[in-house]
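The structure appears below as structure tokens.
The values are calculated or read from the model by the stated rules, or taken from the named source; none is laboratory data. Only a predicted model underlies this, so the values are computations on that prediction, with no experimental measurement involved. In this analysis, Cβ positions are derived from the backbone assuming ideal geometry, glycine residues included, and neighbour counts consider all displayed protein chains.
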Amino acid sequence: MQVKIPCPHESGQVKDFREVLANYHPLSKEEIAELLKLAKNSKDPLTSHIQVRLNQGIVGMVCPRPTTGKVAEKARELNSFFVKVLREEAKPANFERFHQIMTA
């Protein structure tokens, strides 16, 4: 499992940063659990990379990241929940909730 998957803009494949590109990379519940456990025991910048990777698991995610619409709302919910979960112990219910946010 990759913690950081660069979008085509970052990797240099696409030069026009205004071009909207798919940036969806699905995650299984097991991968979500691994990422959350890793984030809990890590410091920045790894935690930031994990948060970006979780956002890439949202169905329909694009780059640049949307600021309005359903995907943007899911990203805001996921990011808020991510911060909350980092303050708690890792629980299977949390992994399930992340998966629900990403795939609903």
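Taking every residue in the range 50-78 that is touching a residue at least 12 places away in the same chain (Cβ under 8 Å) and pairing it with any residue that is assigned to a loop (DSSP other than H, G, I, E, B) and among the small types (Gly, Ala, Ser), at least 6 positions away or on another chain, the pairs with Cβ-Cβ distances below 6 Å are VAL71/GLY60.
Number of residues in the range 80-104 that are under 14 Å from the mean Cα position of the chain (by Cα) and loosely packed, with under 14 Cβ neighbours inside 10 Å equals 4. For the range 65-78, taking the residues that are surrounded by 14 or more Cβ atoms within 10 Å (Cβ to Cβ) and of a type outside the set (Asp, Glu), the one that is nearest to ARG97 (Cα to Cα) is identified as LEU78. Across the range 11-54, the number of residues qualifying as at pLDDT below 90, among the acidic types (Asp, Glu) and under 16 Å from the mean Cα position of the chain (by Cα) comes to 1.
Name the residue that is modelled with the lowest pLDDT, counting only residues in the range 55-100 that are part of a loop (DSSP other than H, G, I, E, B), over 24 Å from CYS7 (Cβ atoms) and not acidic (Asp, Glu).
Just the residues of the range 55-100 that are part of a loop (DSSP other than H, G, I, E, B), to begin with: 57-61, 64-69, 87-91.
Subset that is over 24 Å from CYS7 (Cβ atoms): 87-91.
From what is left, the residues that are not acidic (Asp, Glu) are 87, 90-91.
Numbers: ARG87: 87, ALA90: 74, LYS91: 84.
Filtering the range 55-100 for residues that are part of a loop (DSSP other than H, G, I, E, B), over 24 Å from CYS7 (Cβ atoms) and not acidic (Asp, Glu), the one modelled with the lowest pLDDT comes out as ALA90.
For the range 64-87, the set of residues classified as touching a helix residue (DSSP H, G or I) at 6+ places or on another chain (Cβ under 7 Å) and either aliphatic (A, V, I, L, M) or more than 14 Å from TYR24 (Cα to Cα) (or both) consists of ALA75, GLU77, LEU78, ASN79, PHE81, PHE82, VAL85, LEU86, listed by residue number.
Of the residues making up the range 29-49, just one is in contact (Cβ under 8 Å) with a residue 40 or more places away in the chain and either in a loop (DSSP other than H, G, I, E, B) or touching a Ser or Thr at 6+ places or on another chain (Cβ under 7 Å) (or both), namely ALA39.
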